[in-house]
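Read the structure below first, then the notes.
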Amino acid sequence: MSDQQAPEQNDAQFQLTILEYLERLPEELCNRLYLKPTSCLAVFRLLTTVSKQIIMSILYIETPISKSDIQLLAKPRKIKFLLENLDSLKKLFILLEKDDKIYINKTFQKQFINSLTGGGNRGSFNNIMDPSSQESIQINDLDQYAGEKWESVLHFMVGTATKKTQPNKSVLQLLKKSGLMSNTDNQPQITSKGFQFLLQDICTQIWMVLLQYLYMREEEEVDIITILGLFFQVGSLEFGNNYSVENLTDLELSVLKDLQELGFIYKKRGGMSVIIPTRLVTILTGASISAVKATMSFLNKRSTGILGSSDQPLIHSSENFEDKNTDSGFIIIETNYRLYAYTDSILQISILDLFTHLVYRFPNLVVGSITRDSIRMALQKGITADQIVAYLNTHAHPQIKDKIPPVPISISDQIRLWEKEKNRINPFPSFMYHEFNRQQDFDIVHRYAEQLGVVLWVNEKIRTMVITQEGHESVKNFVKRRMASKTGQPAIQHAQ
């Protein structure tokens, strides 16, 4: 990754899915991407069920098909949904249309069939190294490695990373460029977008980061198709096997190094000639998501210790990879603003600490309160009231999950009122013109400023007006030209 500064991506770009990103690519780039069977299979796995059905229905048909024939695949009341999927496939240039006829992209068709039948060029990772001749690594240790790498990113975002666990410079640069983190007083701080990022599941989080990585590399004017193709090739690798990367280009090796920093691959000692994919690579093709969740369920789990201690070792026992409570909530909040969090996850506790005044810490329970000051601290970091309420509702304990809503209305309303209280006054720079010597001088300047449309406030009795920052230079120059006193001194004073 380059250390060169680049503008942050806007919100619309940040919210793109990988398919939406691919839909924005021109036909020439898509055809290059479809030259590899692994890319075709990966894109197919990312499609909706209806899109998959359309492709499989016409995959072996060589002649163009009319739209009316394709519409026979759906019931009449589902035609609109079918047409939406057709449009998506056309944006991906998987399907092409000519003279009201639909036909499948020949490049995609050939390579996708190769991916299903085992033919064609399988890419640079087709040779599995002999494990007996390589350094061995246990599956639990590989999961441990992937967890620690991804965990370091999340801990840095919530401010609990240590020097030992802090991600490297390239990952930090990616977080900043993607808008997940910002620098306030030379200190990294999570943004509203970053907090929203923490609310997502692990699969969504990883694709968000990888998409921003693609945008960053685009700014460096590198070959994006090579990077995308490598993502999909890595996603097709078998977890835990040894693979040689001696045939990769310099660009592909640099991307692998960045993927290593995010926990997708484990690098063998003595260079990058041999790598081992971790379980995270399955996210790149949408396969075995449950296995990834099971792997990541131990993330941030610590033995009992001081709140915020993030340098204790992860638990190694294989039983911790059971997904015991991954999808169940853990937060109970009462109408007296008291919050109980039944968790020992350092990460979850750190997220709560962003908007909660934590008081007690027990082995599997944290007790705190939602206060005006704790909410204002969160608001100052860019976290919104709606995000806080959404987090509390999403992670509500099963015992209160059936309530609608799980968070008492009085609590959610008060959080939003505290936000309105903070936002009722919005400061912005301006200039005050005052101490005019004569009413005539004031009237001339006031009339000129009104013509420019830059007057924010005026009081004619005390000969004072406030001008916008944008209009200050024009009004100041007018004053210098028109209103200088006989001694050469300005007839008024202005203050910022």
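Read-outs throughout are calculated quantities, based only on the coordinates presented, and are distinct from any laboratory measurement. Since the structure is predicted, the reported quantities are computational estimates derived from the model, not experimental observations. Note that each Cβ is placed from the backbone with ideal geometry, even for glycine, and that neighbours are counted across all protein chains shown.
Points to keep in mind about this one:
- Environment charge at I102 (Cβ cut-off 15 Å; Lys +1, Arg +1, Asp -1, Glu -1): -1
- Each residue in M181, M56 was given a count of other beta-carbon atoms within 10 angstrom of its own, and listing them fewest first yields M56, M181.
- What the Cβ-Cβ distance of N459 and T394 gives, at R0 = 45 Å and to the nearest 0.05, is a FRET efficiency of 0.35.
- Model label points for R376 and N31, set 7 angstrom from Cα along the Cα-to-Cβ axis, are 6.2 nm apart.
- Pairs beyond 19 Å (Cα-Cα), from K67/K90; K149/K267; K36/K268; K381/K401; K78/K110; K149/K193: K36/K268; K381/K401; K78/K110; K149/K193
- Counting neighbouring Cβ atoms within 10 Å and putting the fewest first, the residues D250, D413 line up as D250, D413.
- The stretch 349-421-the stretch 15-87 distance, computed between alpha-carbon centres (Å): 42
- Separation of the T117 and T17 label points, Cα + 7 Å toward Cβ, nm: 3.1
- Overall form of the stretch 328-423 per C-alpha gyration tensor (a/c, 1.5; a/b vs b/c): oblate
- Extended-chain gain in nm, criterion 0.36 nm per residue less alpha-carbon gap, R338 and T184: 52.4 nm
- Here the residues K177, K106, K164, K422, ranked from fewest to most Cβ neighbours within 10 Å of their Cβ, fall in the order K164, K106, K422, K177.
- Qualifying chymotrypsin sites (Phe, Trp or Tyr not before Pro) for the stretch 39-112 [loop in DSSP, other Cβ within 10 Å: at most 16]: Y60
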